[in-house]
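A short worksheet on the structure shown next.
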Amino acid sequence: DAKTTQPTSMDCAEGRAANLPCNHSTISGNEYVYWYRQIHSQGPQYIIHGLKNNETNEMASLIITEDRKSSTLILPHATLRDTAVYYCIVRVALGGTSYGKLTFGQGTILTVHP
Amino acid sequence: DSGVTQTPKHLITATGQRVTLRCSPRSGDLSVYWYQQSLDQGLQFLIQYYNGEERAKGNILERFSAQQFPDLHSELNLSSLELGDSALYFCASGTGDTEAFFGQGTRLTVV
């Protein structure tokens with residue numbers, strides 16, 4: 001699986017958009033970009049994933065650059081409960097040898113402050 | 001609630017002992033993944049089972065073993081426990097290509 005690079009930490013004011021970047025310059029054509037978050041020792045929580053196109057769900061938006069070498073997770077209106085470690089993961093699609101394994105890096109510690 | 005159930009939530013045991021952690025996947029999920037999270041190592045993939053068969057192996061020690069039963073629940077067995085095995089152990093389930101859903105973990109403390 002391709003390696004990802006994320007900033008160690010970021011701050012965001014409550015109510016503002018949180019934009020979390022991720023670099024995955026060695027991503028292959030059959031690899032998806034996944035985002036998970038972990039709130040204080042709870043189980044990691046799935047947020048969103050995408051292959052090429054931008055994606056949006058009730059939690060967040062995922063913007064993937066055209067060359068797919070980087071992406072940005074956007075939390076449109078951050079709240080204090082969004083304070084967590086956010087993980088960007090590149091994962092091989094169905095049929096790949098890793099068959100769904102998620103490889104977590106160190107992630108970005110997002111702190112949302114009042 | 002992710003739908004993945006892990007038991008027990010907390011476990012305290014002595015060095016040299018053996019413990020079993022249990023995971024019930026979401027209904028319909030065929031894959032089960034086990035992860036270990038210690039303070040200095042982050043989330044480490046241990047092993048994956050798919051419909052009863054071992055599918056992928058990560059940094060799992062020989063003292064550790066796992067299995068997935070016909071009803072798809074899984075158990076992670078940790079033996080000859082050492083202080084360094086103290087960690088959070090997470091189970092996740094999914095259907096291979098889709099997102100994986102994590103349980104709330106078992107916190108193991110070895111004293």
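So which strands (runs of 3 or more DSSP E) are wholly in segment A:3-114 and hold at least 1 residues that are among the aromatic types (Phe, Trp, Tyr) and either buried (at least 19 other Cβ atoms within 10 Å of the Cβ) or away from chain B (no Cβ under 13 Å) (or both)?
Strands (runs of 3 or more DSSP E) meeting the threshold: A:31-38, A:45-50, A:84-92.
For B:Phe102, which of the numbered conditions (1) more than 14 Å from chain A (Cβ to nearest Cβ); (2) under 11 Å from the mean Cα position of the chain (by Cα) fails to hold?
Among (1) more than 14 Å from chain A (Cβ to nearest Cβ); (2) under 11 Å from the mean Cα position of the chain (by Cα), B:Phe102 violates only (1).
May I ask you to list pairs of residues, at least six apart or on different chains, whose Cβ atoms are under 9 Å apart, with the first in segment B:55-66 being at positive phi and the second being crowded, with 16+ Cβ neighbours inside 10 Å?
Nothing qualifies.
Could you grab me the full set of residues in segment B:47-96 that are in contact with an Asp or Glu (Cβ under 9 Å, 6 or more places away or on another chain) and β-branched (Val, Ile, Thr)?
Matches in segment B:47-96: B:Ile47, B:Thr95.
Can you tell me how many residues in segment A:2-58 are at positive phi and in contact (Cβ under 8 Å) with a residue 40 or more places away in the chain?
Matching residues across segment A:2-58 total 2.
I'd like to check something: does segment B:73-92 contain any residue that is in contact with a Cys (Cβ under 7 Å, 6 or more places away or on another chain) and either of a type outside the set (S, T, N, Q) or touching a residue at least 60 places away in the same chain (Cβ under 8 Å) (or both)?
Checked segment B:73-92: at least one residue is in contact with a Cys (Cβ under 7 Å, 6 or more places away or on another chain) and either of a type outside the set (S, T, N, Q) or touching a residue at least 60 places away in the same chain (Cβ under 8 Å) (or both).
Computed from the coordinates by the stated procedures, all read-outs in this text should not be read as laboratory data. All figures in this text were calculated on a predicted structure; none of them were measured in a lab. For neighbour counting, all protein chains shown are included, and Cβ atoms are generated from backbone atoms with ideal geometry for every residue, glycine included.
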